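Written out below as structure tokens is the structure these notes cover.
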Amino acid sequence: MDEPKVTLDHLFRHEAGKLISVLTKIFGPHNLELAEDVVQDTLLKALEYWKYHGTPDNPSAWLFTAARNKALDVVRRERHHKEFAAEVSQSLKSEFSASQTLDQIVRESEIEDEQLRMMFVCCHSTIQEEGQVALILKTLCGFSVAEIAKAFLTNEEVITKRLYRAKQQFREEKIAFALPGSTELQHRLNNVLTAVYLIFSEGYNSTHHNTLIREDLVEEALRLGKMLVDHPLTCQPESLGLVALMCFQSARLTSRVDATGNLIQLKDQDRSRWNQELIQQGSHYLHLSSQGKRISPYHLQAAIAQEHCMAKNYAETDWRKILQWYDWLLEIKPDALIALNRLVAYAEVYGPKAALEELERIPDKALLQNYYLYPAAMGEWHTQLGNSSEAMNYFERASGLTRSPGEKQWLLAKINKLRARG
């Protein structure tokens, strides 16, 4: 059973969002939960069937065929009781045309366009903004409520309520399955990009998985990002800036963990292992993004990542330039996490004592109380100042705030090293 289970887990990330997008085009956004049920049934059927018959040569095609057949069963059963998507509702009333309509919609050549459209449907203006990104992550990307809560620095109950309200608005507003007009597209695009970056961030530094890096999520985020920049309507400076940022950060993935999966800090990474092709791609996308008239946080974050990628070694990193980028970034996006990251560069320029003093002036500092890197940073700076006891206390506190085994192991190594010093 293990082999098909692993395959299905991998396919879930890559195919579930596509399946839900296609089925929502058929059923209508107001029947989103029906589309989710069909996909869930399809995945369970695959797991059961593959257990006894083996994984098919083309598992993706198998899933789409199974989902199409299940959708046809639903249409036959519910066509006199439910209203489906307005564009196809009439053709689904007839037995003959229903089958043809489903065959036409469930075509691989159109899948990416449907998924792109679905992302923008999730960000419809009638849905409360805080629920839009959560809806994309849960519905299209298979994120757990716990993972979404971690990304938003909140608790699972809050996220559950946001998702419920968003789906309720789908039902009540009868939102169309369509891309927005040009005037509304930019606003929705911002939330779509936020969702894509959160997918990437969870892959780059997993919060609930046994491994620190989840390459499937990194690949999915890059796929979605490149899908956005390849579409004429969504190839905006912000989209290009985000893809540049993800390319730069992805280039460093293989050097972030050792052979046993333990975290390696930036200063100790083997830079010869960094992916030069991805760095070149990042530079290309960053150049394209700079030709626009808008500067977004993604531009500045990409510029910071590029500085790290271009430095020959840690000692030759231009920390003053990186600090300038962070100062500008905070001006256009005041954010507690960005302020904390800025202090890493600040400490390199002005020292750990100055960084600890600056930490007290972070806006919205209360938001960081349950974020493990907040006490971890304090532990790092106290270590540099020779305050071993304080450093251990902060590292132990940080360990209690993360569920990631990789992060816990990294923090435990720091604690053990301080204990060894006596």
Legend entry - Using θ = phi - 60° and Karplus 6.51 cos²θ - 1.76 cosθ + 1.60, couplings along the stretch 317-334 (whole Hz; Gly, Pro as x): 5, 7, 5, 5, 5, 4, 5, 4, 4, 5, 4, 5, 4, 5, 5, 8, 9, x
Inset, instruction - Step through the residues of the stretch 364-378 one at a time and calculate ³J(HN,Hα) from phi using the Karplus curve (6.51 cos²θ - 1.76 cosθ + 1.60, θ = phi - 60°), rounding each to whole Hz and writing x for Gly and Pro. - result: 6, 4, 4, 5, 8, 4, 9, 9, 4, 5, 5, x, 5, 5, 5
Legend entry - Degrees separating the helix 182-204 axis from the principal Cα axis of the chain, which is the longest one: 60
Legend entry - Fewest-first ranking of THR383, THR24, using other Cβ atoms within 10 Å as the exposure measure: THR383, THR24
Inset, instruction - Run the quick spin-label model on LYS226 and GLN128: label points 7 Å from Cα toward the beta carbon, then report their separation in nm to one decimal. - result: 3.8
Inset, instruction - Hey, can you grab everything whose amide H is under 5 Å from the amide H of VAL257? Only 5+ residues off in sequence or another chain; H modelled, so Pro and N-termini drop out. - result: ILE264
Legend entry - Label corresponding to Cα extents along the principal axes in Å when calculated from the structure given, among [x] 77, 52, 40; [y] 67, 59, 36; [z] 75, 61, 41: [x]
Legend entry - Flagged links, alpha-carbon separation over 31 Å, of LYS25/LYS365; LYS18/LYS321; LYS51/LYS138; LYS51/LYS93; LYS138/LYS408; LYS18/LYS293: LYS25/LYS365; LYS18/LYS321; LYS51/LYS93; LYS18/LYS293
Legend entry - Theoretical FRET efficiency, 1/(1+(r/R0)^6), r = Cβ-Cβ of GLN168 and ALA259, R0 60 Å, to 0.05: 0.80
Inset, instruction - Could you tell me which GluC sites (Glu not before Pro) in the stretch 257-316 are loop residues by DSSP with no more than 13 other beta carbons within 10 angstrom of their beta carbon? - result: GLU316
Inset, instruction - Could you tell me how many degrees, from 0 to 90 and to the nearest 10, lie between the Cα long axis of helix 32-53 and the main elongation axis, the longest principal axis, of the Cα atoms of the chain? - result: 90
Inset, instruction - Compute the Cα gyration tensor for the stretch 250-403, then decide on rounded, prolate or oblate, letting a ≥ b ≥ c be the square roots of its eigenvalues: rounded whenever a/c is under 1.5, prolate when a/b is larger than b/c in the other cases, and oblate in all that remain. - result: oblate
Legend entry - Rel. contact order, % - alpha carbon contacts under 8 angstrom, at least six apart, the stretch 157-298: 21
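Give the relative contact order (percent, whole number) for the chain; include only Cα pairs under 8 Å separated by 6+ residues. Present the calculation step by step, with values, prior to reporting the outcome.
Values: 556 pairs, mean separation 50.5, N = 422.
Reported as a whole number, the value is 12 percent.
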Legend entry - Relative compactness, the stretch 369-422, computed as alpha-carbon Rg over 2.2 N^0.38 Å: 1.01
Legend entry - Stretch gain in nm, segment ASN155-LEU44, where the contour uses 0.36 nm per residue and the Cα spacing is subtracted: 37.1 nm
Legend entry - Global geometry of the stretch 330-422, whether rounded, prolate or oblate, following the gyration tensor of its Cα atoms and the 1.5 cut on a/c: oblate
Legend entry - In the stretch 320-366, the GluC sites (Glu not before Pro) that fall in loop regions by DSSP, at most 16 other Cβ within 10 Å: GLU360
Inset, instruction - Could you list the trypsin sites (Lys or Arg not before Pro) in the stretch 292-379 that lie in coil according to DSSP, counting only those with at most 15 other Cβ atoms within 10 Å of their Cβ? - result: LYS293, ARG294, LYS312, ARG361
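D for the stretch 21-171, whole µm²/s, Stokes-Einstein with Kirkwood Rh over alpha-carbon pairs at 4 °C and 1.567 mPa s: what number?
Stokes-Einstein gives a translational diffusion coefficient of 78 µm²/s.
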Inset, instruction - Could you please rank ASP57, ASP364, placing first whichever residue has the fewest other Cβ atoms within 10 Å of its Cβ? - result: ASP57, ASP364
Inset, instruction - Work out the length of the dipole vector of the chain about its Cα centre, built from +1 on the beta-carbon of each Lys and Arg and -1 on the beta-carbon of each Asp and Glu, and round it to the nearest 20 debye. - result: 480
Inset, instruction - Round to the nearest 10 and give me the degree value, 0 to 90, for the angle of helix 388-401's Cα axis relative to the longest principal axis of the chain. - result: 0
Legend entry - Karplus (6.51, -1.76, 1.60) ³J(HN,Hα), θ = phi - 60°, over the stretch 272-286, in Hz, Gly and Pro reported as x: 5, 8, 5, 7, 5, 5, 5, 5, 5, 4, x, 5, 5, 5, 5
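All of the numbers you see were taken from the coordinates with simple rules; none came from a lab. As the structure is a prediction and not an experimental result, all values here were calculated from the model. We place every Cβ from the backbone using ideal geometry, glycine too, and count neighbours over all the protein chains shown.
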